[in-house]
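Asker: One structure, pasted below without further comment.
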């Protein structure tokens with residue numbers, strides 16, 4: 001049985017940011033992931049947006065970590081050469097009733113410390129995005145896009161430069177709380193560690209329940225909200241992100257751009273029972289209707305299946321949207337154990353802030 005200072009389970013963007021934080025604080029870190037590459041699930045199957053911190057309840061962990069994380073992330077990208085662009089986004093109302101919802105979004109953004117989200121004059125929007133239909137719009141100039149894989153490679157590089165080791169294809173089979181630490185059993189090795197950070201994303205509740213001595217009733221539910229994306233098969237008419245008013249479970253079918261300027265639309269919300277990334281071409285039909293509310297000029301046949309991601313939800317479709325949950329020793333009483341549950345959007349944006357919170361939880 002090998003002994004290490006710290007183990008991070010999950011080599012997604014938050015797990016890698018946490019491993020980096022712990023390694024740079026002088027700890028010996030091993031990163032475990034069940035897959036054969038880093039960030040193969042939620043971290044690489046999303047909109048790749050640097051969020052401003054607009055939609056989340058005031059005082060929530062999502063709001064606080066997103067706003068702090070946004071500033072940290074822009075600075076990090078600039079100093080580490082991670083491809084990104086502060087392109088801004090428009091949030092549009094396509095009906096009169098939605099104007100009140102926009103005002104509510106604006107108020108929520110300001111309450112979260114994002115005062116640059118504001119109404120933008122219709123004439124200005126028409127010049128910015130001439131193909132857009134809208135009744136009113138908010139502008140978020142601090143929203144951006146990022147190459148998520150380059151970001152994860154940068155985090156991993158920093159961690160490895162400070163002695164961290166990555167073990168791929170090494171799923172966690174279980175563990176137990178032991179005197180002086182936690183024993184962790186994997187497919188390849190048994191480790192005893194003083195610190196265990198469970199950042200397993202979609203499977204975080206399952207990993208938590210596999211550790212004997214951790215109160216299993218403290219682990220939340222494990223729910224999967226799939227989001228499908230469709231690519232635009234022609235040149236994008238938009239130069240910035242365009243979001244409709246949010247819908248239950250997500251932010252609505254919006255326009256995002258990759259670093260090359262190619263447009264993609266999504267994600268929708270499809271509650272599923274298992275991890276499956278197939279994209280059904282037939283689902284594109286409902287996308288056309290949603291997109292044409294704000295882009296009536298979308299041609300027939302212009303969408304092709306892109307990719308899908310799954311949000312790691314801790315509550316089901318009929319429940320209120322849960323906050324991020326970070327369970328440290330103060331909550332469950334086990335020294336050195338930190339559990340991260342429900343780290344969906346804006347987890348990528350918040351990754352550096354969440355890593356700091358984990359370190360603080362450990363003391």
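The values are calculated or read from the model by the stated rules, or taken from the named source; none is laboratory data. Computed from a predicted structure; not experimentally measured. No Cβ is skipped: glycine too gets one built from the backbone with ideal geometry, and neighbour counts run over all protein chains shown.
Asker: State whether one or more residues within the stretch 107-114 are in the same structural domain as residue 263 (by TED's automatic domain parsing), closer than 18 Å to residue 254 by Cβ and not in a loop (DSSP other than H, G, I, E, B).
Answerer: yes
Asker: Follow-up question, since we're still on this one. Hey, could you check the stretch 166-180 for residues that are assigned to a loop (DSSP other than H, G, I, E, B) and in contact with a strand residue (DSSP E or B) (Cβ under 7 Å, 6 or more places away or on another chain) and say which is farthest from residue 203 (Cα to Cα)?
Answerer: Within the stretch 166-180, the first condition is being assigned to a loop (DSSP other than H, G, I, E, B), and the residues that meet it are 168-171, 179-180.
After this cut, where a residue has to be in contact with a strand residue (DSSP E or B) (Cβ under 7 Å, 6 or more places away or on another chain) as well, the list is 170-171.
Working: 170: 14, 171: 11 Å.
Per the stated criteria, the residue is 170.
Asker: Moving on. Give the residues of the stretch 256-278 that are in a loop (DSSP other than H, G, I, E, B) and without any contact (Cβ under 8 Å) to a residue 40 or more places away in the chain, sorted by residue number.
Answerer: Listed by number, the residues that qualify are 260, 261, 262, 278.
Asker: Quick one: would you say residue 19 is touching a strand residue (DSSP E or B) at 6+ places or on another chain (Cβ under 7 Å), over 30 Å from residue 140 (Cα atoms), touching a residue at least 24 places away in the same chain (Cβ under 8 Å) and buried (at least 24 other Cβ atoms within 10 Å of the Cβ)?
Answerer: Yes: the conditions hold for residue 19.
Asker: Sticking with this structure for a sec: Quick one: is residue 309 buried (at least 18 other Cβ atoms within 10 Å of the Cβ), within 30 Å of residue 58 (Cβ to Cβ), modelled with pLDDT of 95 or more and outside the structural domain of residue 244 (by TED's automatic domain parsing)?
Answerer: Working: buried (at least 18 other Cβ atoms within 10 Å of the Cβ): yes; within 30 Å of residue 58 (Cβ to Cβ): yes; modelled with pLDDT of 95 or more: yes; outside the structural domain of residue 244 (by TED's automatic domain parsing): no.
No.
Asker: What is the residue count in the stretch 214-239 for residues that are touching a helix residue (DSSP H, G or I) at 6+ places or on another chain (Cβ under 8 Å), assigned to a loop (DSSP other than H, G, I, E, B) and surrounded by fewer than 21 Cβ atoms within 10 Å (Cβ to Cβ)?
Answerer: We begin by selecting, within the stretch 214-239, every residue touching a helix residue (DSSP H, G or I) at 6+ places or on another chain (Cβ under 8 Å); these are 214-216, 218-222, 224, 228, 230, 239.
Right, trim to assigned to a loop (DSSP other than H, G, I, E, B) and you get 214-215, 219-222, 239.
Now narrow it down to the ones that are surrounded by fewer than 21 Cβ atoms within 10 Å (Cβ to Cβ): 215, 220-222, 239.
Result for the stretch 214-239: 5.
Asker: For the stretch 226-255, which positions are within 18 Å of residue 299 (Cα to Cα) and in contact with a strand residue (DSSP E or B) (Cβ under 6 Å, 6 or more places away or on another chain)?
Answerer: Within the stretch 226-255, 229, 230, 231, 232, 233, 236, 238, 242, 253, 254, 255 qualify.
Asker: Taking the options 186, 179, name whichever one is assigned by TED's automatic domain parsing to the domain that holds residue 324, in contact (Cβ under 8 Å) with a residue 40 or more places away in the chain and either farther than 22 Å from residue 362 by Cβ or surrounded by fewer than 23 Cβ atoms within 10 Å (Cβ to Cβ) (or both).
Answerer: On the way: 179 fails: in contact (Cβ under 8 Å) with a residue 40 or more places away in the chain.
Only one candidate passes the filter, namely 186.
Asker: Is it the case, given these coordinates, that residue 208 is within 15 Å of residue 10 (Cβ to Cβ) and in a helix (DSSP H, G or I)? Before you say what the answer is, go through the steps one by one.
Answerer: Values: within 15 Å of residue 10 (Cβ to Cβ): yes; in a helix (DSSP H, G or I): yes.
So residue 208 fits the description; yes.
Asker: As an exercise: evaluate residue 2 against (1) crowded, with 16+ Cβ neighbours inside 10 Å; (2) on the phi < 0 side of the Ramachandran plot and give the number of the one condition it does not meet.
Answerer: Condition not satisfied by residue 2: (1).
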